[in-house]
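Heads up: the structure comes next, in structure tokens.
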There are 2 protein chains.
Amino acid sequence: MVTTIGFDADDTLWHNENLFADVQVLFRQLLAQYHSAEWIDRKLLDVERRNLEYFGYGAKGFALSMIETAIELTEGRVTGAEIQRIVDAVKSLLKGPTNLLEGARETVSALTNSHRLLLITKGDLLEQEAKLVRSGLADLFHGVEIISEKNTDSYRRILAKHGVKAQEFLMVGNSVRSDILPVVELGGQAVHVPYHLTWAHEVVDSSSSAQSFATLARLGDLVAHVKNL
Amino acid sequence: MVTTIGFDADDTLWHNENLFADVQVLFRQLLAQYHSAEWIDRKLLDVERRNLEYFGYGAKGFALSMIETAIELTEGRVTGAEIQRIVDAVKSLLKGPTNLLEGARETVSALTNSHRLLLITKGDLLEQEAKLVRSGLADLFHGVEIISEKNTDSYRRILAKHGVKAQEFLMVGNSVRSDILPVVELGGQAVHVPYHLTWAHEVVDSSSSAQSFATLARLGDLVAHVKNL
């Protein structure tokens, strides 16, 4: 019996990837005189991946990776004013409102009395805390876990900490790689609710997964799914 | 009776501020043709303080603040190559070894069987986790709390989570502002072990504190202090 439900945050409960995508549009415009949009995107993703071990996830690392990419792609000719525009765009992103996905508040509210709800999100501590506060959902969760990477080890640690067996745990998220596969591997259940944008780093080859999890088109369908478990 | 001891990490158990200071030396050299060292330091601190609400603590925010400062102080003339040197220096800082302070390992080892030890550090999640792993001290702590800001609320939350009364808690750290005053305010005990460098943002006017805490010259003196409580 599922007693505990873990929710991913970014792009599961609230919009996030679209904010990064908007900044990336501005970044492309900045470098449009030097390179094609495709080439800029490809180089940026390369730099982001290379920098993950240094910077982890989040807007600050994104800013530094864009700056590095701009320097590389312009062979150092990018101007101070242009780099400042990148930093300013990321600051706006960091202070922007937390826009909930449709059905997020209703779904979490409907489950908070019948289940123990954990928010389990990877990323930058300060950023994730600030988004949770701005979301207005903080009081509906019984625990919040902000971790630097989502894998079987980190989920195992969280379950042990909260005294939950994997069979009693259901994870809900938009990333097959981060929210679904590690939990299924531990013997837990998982519900995939795809977001219309997926950061390229999070994309997995769908043929590689055993599909032993549910996929819902809308977060709003979760309550009915949980009732039928 | 003190059952639980909280340790700050940066500049209490391992060197940190000196790494930032080293990068700042390079930053000054980079801008030496434009401004005096004093003026550069003052502007950087202004920008860091202004950016705290966006970036929080840690090396990535430090990098972005240096970049902004360089752009401002050169009126945009700083080159891409120079900015890349700032980013590279911060990456080296992020990957550098965790150098323990003298007596750190012995002190933590001596107390881990008689007390519950918590590592309580503010800053960037990924950075602090990586430093703890590299320190080799992780197994000696019963709990690790990485938080975005240290104040009475965050200490109160941590004590509640671990079921510890303030009177049973002793906090050890190098920052009067972050490690000492909030804990004393809650009714806990605190031990100040000054580090030879203090980031200007952390400096408090010593006349404003009631001095209701102990100050030790060396972390190695802590075991004797705890025995005499």
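The values are calculated or read from the model by the stated rules, or taken from the named source; none is laboratory data. Because the structure is a prediction, the values reported are computed rather than measured. All Cβ positions, even for glycine, are placed from backbone atoms using ideal geometry, and neighbour counts span all protein chains on display.
Among the residues of the range A:139-150, those identified as more than 12 Å from chain B (Cβ to nearest Cβ) and either in contact with a Gly (Cβ under 8 Å, 6 or more places away or on another chain) or surrounded by 15 or more Cβ atoms within 10 Å (Cβ to Cβ) (or both) are A:140, A:141, A:150. Close Cβ contacts (under 6 Å, 6 or more residues apart or on different chains) running from residues in the range B:66-81 that are within 11 Å of residue A:81 (Cβ to Cβ) to residues that are part of a helix (DSSP H, G or I) and of a type outside the set (Gly, Ala, Ser) comprise B:71/A:84; B:78/B:71.
For the range B:42-81, filtering for residues that are at the interface with chain A (Cβ under 9 Å from one of its Cβ atoms) and assigned to a helix (DSSP H, G or I) leaves 16.
State whether the residues of the range A:123-138 include one that is among the β-branched types (Val, Ile, Thr), on the phi < 0 side of the Ramachandran plot and more than 14 Å from chain B (Cβ to nearest Cβ). No: the range A:123-138 contains no residue that is among the β-branched types (Val, Ile, Thr), on the phi < 0 side of the Ramachandran plot and more than 14 Å from chain B (Cβ to nearest Cβ). Every test in (1) more than 10 Å from every other protein chain (Cβ to nearest Cβ); (2) assigned to a loop (DSSP other than H, G, I, E, B); (3) touching a residue at least 40 places away in the same chain (Cβ under 8 Å) is passed by residue B:33 save one, and that test is (3). Residues that are in the same structural domain as residue B:215 (by TED's automatic domain parsing) and under 28 Å from residue A:133 (Cα atoms) number at least 1 in the following helices (runs of 4 or more DSSP H) confined to the range B:97-197: B:125-135, B:152-161, B:181-186. What do you reckon, is residue B:17 modelled with pLDDT under 95 and surrounded by fewer than 24 Cβ atoms within 10 Å (Cβ to Cβ)? Answer is yes for this residue.
Kindly provide the set of residues from the range B:82-97 that are at the interface with chain A (Cβ under 10 Å from one of its Cβ atoms) and among the hydrophobic types (A, V, I, L, M, F, W, C), ordered by number.
B:83, B:86, B:87, B:90, B:93, B:94
Only one of the listed residues (A:110, A:130, A:160) is touching a helix residue (DSSP H, G or I) at 6+ places or on another chain (Cβ under 7 Å) and either of a type in the set (A, V, I, L, M, F, W, C) or surrounded by 22 or more Cβ atoms within 10 Å (Cβ to Cβ) (or both). That residue is A:110.
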